[in-house]
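J.: This is the structure I want to talk about, given as structure tokens.
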Amino acid sequence: MGNSFALKDVFDGTYRLGVIGQSKDCYVKSIRYGSTDVLEGGFTVFRGTQASLEVTISSRGFRVQRVVTDKDNLPVTGVWVVMVPDEAHRDQSRLYQKAATDQYGHYLLRGIAPGDYKIFCWDEVEDGAWEDPEFLKTYEDRGQKISVQEADAKTADVVAIRTKSSE
């Protein structure tokens, strides 16, 4: 059983829905506006039209964890590990997941929706740079492919991509 709410006086336009505040193991499984699946493309509101918006959240998100190392197999601390969706879904910011490594180089990514991804880690990168197709193009072949199923868990050791110039 879910919760319901009403949005009144919504302006005409195309919208995408974002959900925040759910458990870290959750992901948005589906969004329906009227009878249409709008999870990926968003939905268009026309004044005077009555339609229901139904959001399904799954608590069975995928988890992946392990260690990030450098080329010498030493743990790398304080760097981003990022799950990047396959190229067909890279316009879906909800599918990107990131986590920073701890003092031992460990990371844990949770609440990942089913699909195909690549895991990346850079020794130095600006937060969010991985959502820029031009940035990713340089490193595309260095990502580790991973297929995600609902409620699955995997381990994946990752070697950080060197971006810092040697000093």
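J.: Hey, Leu109 hits all of (1) more than 30 Å from Phe5 (Cα to Cα); (2) not in a strand (DSSP E or B) but one; which does it fall short on?
T.: Of (1) more than 30 Å from Phe5 (Cα to Cα); (2) not in a strand (DSSP E or B), only one is false for Leu109: (2).
J.: Among the candidates Val82, Val67, single out the residue that is in contact with a His (Cβ under 9 Å, 6 or more places away or on another chain), assigned to a strand (DSSP E or B), farther than 28 Å from Ser35 by Cα and in contact (Cβ under 8 Å) with a residue 24 or more places away in the chain.
T.: It is Val67.
J.: Under 7 Å between Cβ atoms, which residue pairs at least 6 apart in sequence (or on different chains) link something in segment 11-26 that is more than 26 Å from Thr44 (Cβ to Cβ) with a partner that is modelled with pLDDT of 90 or more and not in a loop (DSSP other than H, G, I, E, B)?
T.: The qualifying pairs are Lys24/Arg110; Lys24/Gly111; Asp25/Arg110; Asp25/Gly111; Cys26/Ile57; Cys26/Ser58; Cys26/Gly111.
J.: Collect the residues in segment 37-64 that are of a type in the set (Lys, Arg) and part of a strand (DSSP E or B), keeping them in residue-number order.
T.: Arg63
J.: How many residues does segment 80-90 hold that are of a type outside the set (Lys, Arg) and surrounded by fewer than 20 Cβ atoms within 10 Å (Cβ to Cβ)? It would help to see each step written out before you state the result.
T.: Applying the first criterion (of a type outside the set (Lys, Arg)) to segment 80-90 yields 80-89.
Right, trim to surrounded by fewer than 20 Cβ atoms within 10 Å (Cβ to Cβ) and you get 86-89.
Residues in segment 80-90 being of a type outside the set (Lys, Arg) and surrounded by fewer than 20 Cβ atoms within 10 Å (Cβ to Cβ): 4 in total.
J.: Which count do you get for residues in segment 1-22 that are exposed (fewer than 11 other Cβ atoms within 10 Å of the Cβ), of a type in the set (S, T, N, Q) and assigned to a loop (DSSP other than H, G, I, E, B)?
T.: Total meeting the criteria: 2.
J.: Identify, from the list Lys98, Lys118, the residue that is of a type in the set (D, E, K, R), part of a strand (DSSP E or B) and in contact with a Leu (Cβ under 8 Å, 6 or more places away or on another chain). Show your work before the answer.
T.: On the way: Lys118 fails: in contact with a Leu (Cβ under 8 Å, 6 or more places away or on another chain).
Answer to the selection: Lys98.
J.: Still on this model: Of all residues being touching a residue at least 24 places away in the same chain (Cβ under 8 Å), touching a helix residue (DSSP H, G or I) at 6+ places or on another chain (Cβ under 7 Å) and over 16 Å from Lys154 (Cα atoms) in segment 91-138, which is surrounded by the most Cβ atoms within 10 Å (Cβ to Cβ)? Just the residue, please.
T.: Among them, the one singled out is Trp130.
J.: Could you please let me know if Val76 is over 30 Å from Asp9 (Cβ atoms) and surrounded by 16 or more Cβ atoms within 10 Å (Cβ to Cβ)?
T.: Details: over 30 Å from Asp9 (Cβ atoms): yes; surrounded by 16 or more Cβ atoms within 10 Å (Cβ to Cβ): yes.
Answer is yes for this residue.
J.: Of all residues in segment 34-45, which are in contact with a Gly (Cβ under 9 Å, 6 or more places away or on another chain) and surrounded by fewer than 18 Cβ atoms within 10 Å (Cβ to Cβ)?
T.: Thr44, Val45
J.: May I pose another question? Please enumerate the residues belonging to segment 43-95 that are of a type outside the set (Phe, Trp, Tyr), farther than 19 Å from Phe120 by Cβ and touching a Leu at 6+ places or on another chain (Cβ under 8 Å).
T.: Leu53, Val55
The values are calculated or read from the model by the stated rules, or taken from the named source; none is laboratory data. Just so you know, these numbers come straight off a predicted model, no measurement behind them. Note: ideal-geometry Cβ built from the backbone for every residue, glycine included; neighbour counts use all protein chains shown.
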